[in-house]
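Worksheet for the structure shown next.
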Amino acid sequence: MKGYILSGIVLCAVLIASCNRGRTDAENADGDSTEWAGELETDSTEIIEEDDEGLSLDNHTTEVFGDFIFAFTHNARFRTERINFPLPVTEANGTERHIKDKKQFREEFRLPGNNYYTLILNNKRQMETLQNDTELETVAMQCLNLHEQSMTSYNFYRTNGRWRLKSIQHSSLPKQLEDFLGFYEKFTTDSVFQQESLAPQLTFAMEDPDEEETDIEGTIDRSQWPVFRPEIPGAKFVHLDFGQTYPNPSRIYLMQCGISNGMLDVFAFRHNGNQWQLVGYEN
């Protein structure tokens with residue numbers, strides 16, 4: 001598990017630095033209190049380090065998406081160089097318009113206002129494989145709103161080793177995740193439903209605070225969950241679609257990466273034939 005925490009650091013860098021994390025919706029059962037982030041600030045207030053090698057991809061023959069998206073979300077100059085203007089935007093009703101320049105893009109570019117990033121995978125091995133894949137040609141950065149059952153997808157394409165934003169699409173939630181996301185929206189907003197959706201015995205694993213290379217592993221029952229429960233991603237979050245598929249429809253790993261400290265929380269869900277249940281947690 002230590003390896004997953006370390007590999008998560010690169011992916012976690014994609015979040016906007018100004019995002020503020022909300023508490024889990026289950027603790028505030030009246031709904032999602034997380035607000036949408038406002039428009040990006042002007043260049044003078046963004047993180048722009050022209051001499052910082054971490055924001056320079058000039059020496060990369062073929063860009064890894066994790067490196068690219070970190071630079072894209074932190075460097076305004078780099079961002080506008082990597083957008084194809086006029087940028088086509090497809091609305092949920094199918095109509096199309098265009099964002100004509102960087103000023104208009106800055107006014108419309110928004111991400112949910114929390115400081116974590118979420119990956120939805122079918123198995124944990126996909127995480128490291130996808131983040132380092134240099135054969136990928138398309139990646140979508142998806143802003144999901146489970147309350148409204150809507151999604152804004154920023155679609156990136158790699159040409160000659162370089163990633164560029166080529167389109168934006170507003171749509172409903174991904175079809176292949178529709179069943180799980182319907183469950184998860186209620187799981188995050190209804191504390192009673194969350195308690196009822198726990199497996200009788202949950203496996204857990206967390207790093208020993210006294211021994212960094214040692215994990216503490218065990219099981220807890222439903223009654224102990226309120227004591228151990230970590231912050232859970234709310235109903236508005238960012239998800240990266242690398243083209244992953246879900247051949248096992250009864251198993252989902254939801255991975256939450258923290259932007260400030262490289263933490264990785266892994267929530268394992270399983271469909272038992274009747275309903276989805278949370279069956280395990282790793283930190």
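Values in this text are rule-based calculations from the coordinates and carry no lab data. Treat the numbers as computed from the prediction; the structure is a model and nothing was measured. For neighbour counting, all protein chains shown are included, and Cβ atoms are generated from backbone atoms with ideal geometry for every residue, glycine included.
Quick notes on this one:
- Calculated FRET value between Arg270 and Glu148, using beta carbons and R₀ = 22 Å, to 0.05: 0.20
- Close amide H contacts of Arg251 (hydrogens built in the peptide plane, cut-off under 5 Å, sequence separation of 5 or more or a different chain): His271.
- A simple packing score, the average count of other Cβ atoms within 10 Å per residue, orders the peptides 91-100, 230-239, 172-181 as 230-239, 172-181, 91-100, with the highest score first.
- With both labels modelled 7 Å from their Cα along Cα-to-Cβ, the Gln224 to Asp210 distance reads 1.8 nm.
- Checking the cross-link pairs Lys103/Lys236; Lys124/Lys236; Lys124/Lys186; Lys103/Lys166; Lys103/Lys175 against a 28 Å limit on the alpha carbon distance flags Lys103/Lys175 as lying beyond it.
- Scanning residues 5 or more positions from Ser167 or on other chains, those with amide H under 5 Å from its amide H are Asn155, with H placed 1.01 Å from N in the peptide plane.
- Förster-model FRET efficiency, 22 Å R0, Ser172 and Asn84, C-beta, rounded to 0.05: 0.30
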